[in-house]
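Colleague: One structure is given below, represented as structure tokens, and several questions about it will come after.
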Amino acid sequence: MASHDKILIVDFGSQVTQLIARRVREERVYCEIVPFQKAEAALREMKPKGVILSGGPASVLDKDAPLAPPAIYQAGVPVLGICYGEQAMAQQLGGQVEGGHHRQFGRAEVEVKKPSALTAGVWEVGQRYPVWMSHGDRVTRPPVGFAVTAASDNAPIAMIADEKRKFYATQFHLEVVHTPHGAAMLRNFVRNIAGCAGDWTMRTFKQEAVEKIRRRVGKGRVICGLSGGVDSAVVAVLIHEAIGDRLTCVFVDHGLLRLGEAERVVALFRGHYNIPLVHVDAAALFLKALAGVDDPEEKRKTIGRLFIDVFEAEANKIGGAEFLAQGTLYPDVIESVSFTGGPSVTIKSHHNVGGLPERMHMKLVEPLRELFKDEVRALGRELDLPEAFVGRHPFPGPGLAIRCPGPVTREKLDILRLADEIFIEEIRRVGLYDDIWQAFAVLLPVRTVGVMGDVRTYDFVVGLRAVTSIDGMTADFYPFDMEFLGTVATRIVNEVKGVNRVIYDVTSKPPGTIEWE
């Protein structure tokens, strides 16, 4: 990314740090998230035009509190602190932070006290605006050179600015949708204050990625594992554009795919793109290994291990390839190097970020590792992938095994596949598919007594989920009307043998995770 303006985001462990990057990328400005321990090295390497300090769960008053390296404040570039980032900036530059008894979580209002470049054209002095707070400590005295530009009832120093050094900070979270004008202020920072050109587009990314693949691969050959999902499909088409038939795709069909999935993958890559493709039907092998397995994490590990074994065996048969392509995305990269460890270790247990066995002796090609999911979709459209693939809802690597709580059997998978297909068919029929971020059926591990016609039944319950999301970080259930749910339930009960109850899940998804499975 040497030819583009860049923003460095220093991560202090906030579960929504990725949202900061998403907002910056929306301004067509390239950025990277780096743990605070590696921020000084990243500053030297990236030479960013601005730095953003994220939120985090720690207190700057703790003995070993994470802080920004002093080099950031000495680099002569604009710096923006958000939440914990404001407290770190204040503490490090000579201000004062008070701890403990002024906790504030959720919606709040701030009053604008003075104008600043951060709020220019967005907020007016004297007016009050809604924001989202999430803090235990608060700044009680700003550093010398800073003016207080906004205040709230619980945080009198909710926003500070040093216009001379172009240092800004907010106690509230700019990156979340609950701060309605936050994205506009981030735009002010990256475009107007830091002066980034905003020239990082998917068209330029595609051109640069093709050249980068050609330089890395040279005259070598590449093997790519296809899963049927958006990420691997985009990887395959991108690499094929770069090196042509020196790419071979291996599609491991583990028998846990959606209805008709395998046929669609083969038709697209063999028929439409004419990409060399090896289709491995390994359903029996996977089902045998999953027999009796109840724990979802054990399912993930079993599927991941077997996938690698099958893929490795096919790669050895093909021979001659020294490069392996993976659909690693930027969230995978971020969470694989998280300085806190935390729940991401479990959440991402079905991803391989450079995690293939060393015995394969293959070099990795990961052309999407700088992209978020929505950017991958945009790249897919730039590559002219069919919208049916590009716009599909996310589908986790372990497939239907995770949507089938309890032991997995062929019978239960067949029931789940058909119920899921009916649900998606009905969503498409009423034109709601693109309004929903992810929708799917779950075969619950319970049976209920029911009466169908004149016969008493004892069959499975299907749970339906559909969520809306702007960024994949938080999600809320989609508010279907009862007529729609009634139609779906009637179809599933009538058409899917083995189901006599359908329920709809109306829980929401908390921030900090990537997939809703």
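Colleague: Near the amide H of Lys363, under 5 Å away, which other amide H atoms are found, from residues 5 or more places off or on another chain, if H is placed in the peptide plane?
Modeller: Phe323, Leu324
Colleague: 5 Å is the cut-off here: which amide hydrogens, built 1.01 Å from N in the peptide plane, fall below it relative to Leu53, excluding neighbours closer than 5 in sequence?
Modeller: Correct list: Val10, Leu80, Gly81, Ile82.
Colleague: Let me ask you something else. Along the range 384-396, what does the Karplus equation 6.51 cos²θ - 1.76 cosθ + 1.60 (θ = phi - 60°) give for ³J(HN,Hα), rounded to whole Hz, x for Gly and Pro?
Modeller: Running phi through 6.51 cos²θ - 1.76 cosθ + 1.60 with θ = phi - 60° gives 6, 5, x, 4, 4, 8, 5, x, 6, 5, x, 9, x Hz.
Colleague: Quick one: the Cα spread of the range 263-307 along its three principal axes, in angstroms, biggest first?
Modeller: Dimensions of the range 263-307 along the principal axes of its Cα atoms: 39, 18, 15 Å.
Colleague: Return the calculated 222 nm mean residue ellipticity for the chain, to the nearest 500 deg cm²/dmol, obtained by summing -39500 (n - 2.57) across DSSP H runs with n ≥ 4 and dividing by the residue count. Mind dumping the intermediate values first?
Modeller: Values: 16 runs with 164 residues, N = 517.
That calculation yields -9500 deg cm²/dmol at 222 nm.
Colleague: Quick one: which residues, 5 or more positions from Arg141 or on another chain, have an amide H under 5 Å from its amide H? H modelled 1.01 Å from N in the peptide plane, none for Pro or chain starts.
Modeller: Gln96
Colleague: Of all beta bridges DSSP finds with both residues in the chain, what is the antiparallel percent, to the nearest 5?
Modeller: 50
Colleague: Out of every Cα-Cα pair in the range 1-69, what percent are more than 19 Å apart? Let's see the in-between values first.
Modeller: On the way: 747 of 2346 pairs.
Of all Cα-Cα pairs in the range 1-69, 32 percent lie more than 19 Å apart.
Colleague: Using the membrane-span-like helix rule (whole DSSP H runs, Cα extent along the own axis of at least 18 Å, mean Kyte-Doolittle hydropathy at least -0.5), which helices of the chain qualify?
Modeller: The qualifying helices are 230-243, 410-429, 482-495.
Colleague: State the three equivalent ellipsoid semi-axes of the range 123-175, derived from the C-alpha gyration tensor as the square roots of 5 times its eigenvalues, in descending order and whole Å. Could you put the intermediate results ahead of the total?
Modeller: On the way: eigenvalues 61, 38, 23 Å².
Equivalent ellipsoid semi-axes, largest first: 17, 14, 11 Å.
Colleague: Modelled label-to-label distance, Ala388 and Ser3, 7 Å Cα→beta-carbon offset: nm?
Modeller: 3.6
Colleague: At q = 0.13, 0.19, 0.22 Å⁻¹, work out log10 I(q)/I(0) for the range 45-133 with the Debye formula, treating every Cα as an identical point scatterer and leaving solvent out; two decimals please.
Modeller: For the range 45-133, the Cα-only Debye profile gives -0.55, -1.09, -1.26.
Colleague: Given a Förster radius of 25 Å and the C-beta distance between Arg165 and Val125 as r, what FRET efficiency does 1/(1 + (r/R0)^6) yield to the nearest 0.05?
Modeller: 0.70
Colleague: When the Karplus curve 6.51 cos²θ - 1.76 cosθ + 1.60 is applied with θ = phi - 60°, which whole-Hz ³J(HN,Hα) does each residue of the range 146-154 get, with x for Gly and Pro?
Modeller: These are the phi-based 3J(HN,Hα) values: 9, 10, 7, 9, 7, 9, 10, 4, 9 Hz.
Colleague: Highest mean first, how do 5-12, 123-130, 392-399, 285-292 rank when packing is the count of other Cβ atoms within 10 Å averaged over residues?
Modeller: Values: 5-12: 25.9, 123-130: 13.2, 392-399: 21.2, 285-292: 15.8.
Going by the mean number of other Cβ atoms within 10 Å, highest first, we get 5-12, 392-399, 285-292, 123-130.
Colleague: Give me the one-decimal Kirkwood hydrodynamic radius in Å for the range 161-200, with the sum taken over alpha-carbon pairs.
Modeller: Working: mean 1/r = 0.0901 Å⁻¹.
Hydrodynamic radius (Kirkwood, Cα pairs) of the range 161-200 is 11.1 Å.
Colleague: Now a separate question. Bin all alpha-carbon pair distances of the range 81-219 at 5 Å intervals from 0 and give each bin's fraction as a whole percent.
Modeller: Distribution as computed: 2, 10, 18, 20, 16, 10, 5, 5, 5, 4, 3, 1, 0 percent.
Colleague: Here is a follow-up. Of the cross-linked pairs Lys6/Lys299; Lys47/Lys299; Lys206/Lys412; Lys219/Lys317; Lys38/Lys166; Lys47/Lys301, which ones have a Cα-Cα span greater than 32 Å in the structure shown?
Modeller: Over 32 Å apart, Cα to Cα: Lys6/Lys299; Lys47/Lys299; Lys206/Lys412; Lys47/Lys301.
Colleague: With a 1.4 Å probe and all protein chains kept in place, how much accessible area does Ile223 have, in Å² rounded to the nearest 10?
Modeller: 0
Colleague: Turning to a different aspect of this structure: Points 7 angstrom from Cα along the Cβ direction at Asp294 and Thr490: gap in nanometres?
Modeller: 3.8
Colleague: Rounded to whole Å, give me the distance from the Cα center of the range 113-167 to that of the range 226-255.
Modeller: For the range 113-167 versus the range 226-255, the Cα centre distance is 49 Å.
Colleague: Now for a separate question. For the chain, what is the convex hull volume of the alpha-carbon atoms per residue, in Å³? Don't jump to the answer; show the numbers that get you there.
Modeller: On the way: hull volume 85.2 nm³, N = 517.
Here the figure is 165 Å³ per residue.
The values are calculated or read from the model by the stated rules, or taken from the named source; none is laboratory data. What you are looking at is a predicted structure, and each value in this text was computed from that prediction instead of being measured. As a convention, Cβ positions derive from the backbone with ideal geometry for all residues, glycine included, and neighbour counts pool all protein chains shown. The protein model used for the area step is the full one, side chains on, heavy atoms only, and it has no ligands, DNA or RNA in it. Shrake-Rupley method; radii C 1.70, N 1.55, O 1.52, S 1.80 Å.
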